[in-house]
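Data block below; observations after.
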Amino acid sequence: MIASALQTVLHTLMFSLVAGTPLIMASFCCTPLTKKVVRFLPWATAPAFLVVAIAPLDLLVEVPWFFMGGSMELDATGRIFLCLSAFIWLLASFSSRSLLRYERNQARYLLFFLTSMAGNFGLILARGILGYYLFFAVMSFAAYGLVVHKESSDARSAGRIYLLLVMIGEVALFTALIILAHTSGSLAIKDMAGITYHPLTLSLLFIGFGVKVGALPLHGWMMPAYQATPIPAAAALAGSMVNAGILGWLRFLPLGQTACPKWAWLFIVAGALAAVYGVFIGLSRKKAGAVLGASSISQMGLITVIFGMGLVDQNAGLHAASLLILYLVHHSLAKSSLFFGFDLVEQQGHSLSRLEMAAIALPALALAGLPFTSGAISKTAFKELAVSLGEPWYGLSQFFLPITAMGTTMLMLHFLSLLKQGRDTSKPGRRETRIVFAVSFIAVAMVLWLWPAAGSAAAHSLTGAKLFQGLWPVVGGWFLFLVWQRIFSTTGVLEDDQKKHTAFDSIVYTVTRLLQEKEWQEPQQDRILASLRRFIPQLRRTEKIMGRWKVVGLSYLTLCLCLLLVLLCPLFY
């Protein structure tokens, strides 16, 4: 009896320390112990690794005193998410120590960094609706402090966009959770499985978690936030925090237990559009962080497609769930490695050597599905899911996957070309940054090949047919990139990044460049350009009006009132 009670107390303490340790360390950030917090920053992830290593699977821990009663559990899905998140936060912590060595706002950075980490870890373990929402909100709002940390005009602008979309997502998620709690009669997430989902609930869940995933049209925060956020924090944001949206969908719309064939098309179409849109918008950017943000829009779009395919029926959901996690691990490791490679350029102060560029090219081209990489394993598993679903999914995948692979290749080559330009000043901490990138490189190169769950897809990716299917889109993307560079080699799609442009200016500039490349008759060319330029002043004014705080605030207030009316409407209860 005593031994059982003691074991329960130890399990509760161990689970509580996963999110508690970063919060405790964050509480010391505004004290004379700040330097000590910097020194021991990587140790904030230690309890998470400990729980992953020794906690029994499906162990449920009740915490009655926490936030109206809470519970924590480590299931198979949670173990993978927690291990992946802890690894990325560990590397980001080591990288942050180099950043903080001469950072004047150490306390502020540490406070938001550790609070975001705590929220990220907490939502993975939370098994109650209220606890999950609390940790999700803590992570989301704490990340705002990281986005605006540099205090530049671009950072503040990125922070406003991020905060607006986060607030919309939080309102939508909170409303959806209230409806789910009323429908199921329980605050436990496990009781959500098997209930009938109202279309409104599905819409709110798509919006609430779609903001974090960057699903269209909720993607607007990704590119500016990834560019503005300090690189170590951006690596955690891109490699771990965005996964909270996918985990939320898995928790509240569990694949294999939930089937919504009509609503599956919402996820599939939105994801497919994001996969293509991310490539086009990324190629028009001249900053490496923004290009990686566009890449995340595209890659998370593919993951959204996989989730949508899993909603077609329950059998498809069982296959899609394992593929979703496989693809998520691949993307998280590769994207965080690219940020750490970007950090290496920032720290080094000049262009990288050929060996270093080749090392960064591995995770970059892995995203495109280059043979012998983790991307090839993920794409092979994707095709196998499409085969199991039959038509029209198999036919669509035969067309869709090569197109996205070519686009991703172009986008990643664009990113590598930006890295080649190097930096004008060097910073300290180069050795530690090299080690962080080396560890992330090894993880990208080896994890999926050694992971038993990926064994079948890894073996199939090495067949002759699969090697050719993975290689030709990469070669085709490389050729298209050379053509694209040739067209925009003089000044690029966009003009000098220091100048402020609206999206309409960029479109007109691109069309102008294309017209100059073609052999047009002068009168015809002049008429087209004159027609375009005539609309620019009005379009520019319209875009600026849409960005004003009064307009944004009124739109947000309108949304809140609409959601409040929905809650008061007895039709949904």
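The values are calculated or read from the model by the stated rules, or taken from the named source; none is laboratory data. Predicted, not measured: the structure shown is a model, and the values here were computed from it. Reconstructed Cβ throughout: ideal geometry from the backbone, glycine too, with neighbour counts over all protein chains shown.
Filter segment 198-217 down to residues that are surrounded by fewer than 20 Cβ atoms within 10 Å (Cβ to Cβ) and at pLDDT 85 or above and give me whichever is nearest to Ile168 (Cα to Cα).
Ranking the qualifying residues of segment 198-217, first place goes to Ser203.
Conditions: (1) assigned to a helix (DSSP H, G or I); (2) over 18 Å from Met241 (Cβ atoms). Thr196 meets all but one. Number of the miss?
Checking Thr196 against (1) assigned to a helix (DSSP H, G or I); (2) over 18 Å from Met241 (Cβ atoms), the one that fails is (1).
Evaluate the following for Glu170: is it outside any helix (DSSP H, G or I), surrounded by fewer than 19 Cβ atoms within 10 Å (Cβ to Cβ) and not hydroxyl-bearing (Ser, Thr, Tyr)?
no
Would you mind listing the helices (runs of 4 or more DSSP H) fully within segment 260-376 where at least 2 residues are modelled with pLDDT under 90 and surrounded by 24 or more Cβ atoms within 10 Å (Cβ to Cβ)?
261-283, 288-310, 314-348
Tally time: how many residues in segment 133-147 are over 18 Å from the mean Cα position of the chain (by Cα) and either crowded, with 24+ Cβ neighbours inside 10 Å or without any contact (Cβ under 8 Å) to a residue 24 or more places away in the chain (or both)?
Selection size over segment 133-147: 0.
Residues of segment 348-393 being within 24 Å of the chain's Cα centre (by Cα), under 24 Å from Ala92 (Cβ atoms) and not hydrophobic (A, V, I, L, M, F, W, C), which ones?
Passing the criteria: Pro363, Thr373, Ser374, Gly375, Ser378.
So which residues in segment 388-429 are part of a helix (DSSP H, G or I), over 20 Å from Gly301 (Cα atoms) and at pLDDT below 80, if there are any at all?
Ser388, Lys420
Could you check, for segment 258-275, whether at least one of its residues is aromatic (Phe, Trp, Tyr), closer than 26 Å to Leu338 by Cα and in the same structural domain as His219 (by TED's automatic domain parsing)?
For segment 258-275, residues aromatic (Phe, Trp, Tyr), closer than 26 Å to Leu338 by Cα and in the same structural domain as His219 (by TED's automatic domain parsing): absent.
With a cut-off of at least 3 residues that are touching a residue at least 60 places away in the same chain (Cβ under 8 Å) and over 30 Å from Leu344 (Cα atoms), name the helices (runs of 4 or more DSSP H) lying wholly within segment 44-132.
Once the helices (runs of 4 or more DSSP H) in segment 44-132 are filtered for at least 3 residues that are touching a residue at least 60 places away in the same chain (Cβ under 8 Å) and over 30 Å from Leu344 (Cα atoms), what remains is 106-125.
Looking at segment 433-542, what helices (runs of 4 or more DSSP H) fall wholly within it and have at least 1 residues that are at pLDDT below 50, in contact with a Leu (Cβ under 9 Å, 6 or more places away or on another chain) and not assigned by TED's automatic domain parsing to the domain that holds Glu384?
Those helices (runs of 4 or more DSSP H) span 503-517.
Got a sec? Which of Arg79, Arg104 is basic (Lys, Arg) and within 27 Å of His331 (Cβ to Cβ)?
Result of the check over Arg79, Arg104: Arg79.
Taking segment 1-43 on its own, how many of its residues are aromatic (Phe, Trp, Tyr) and part of a helix (DSSP H, G or I)?
2
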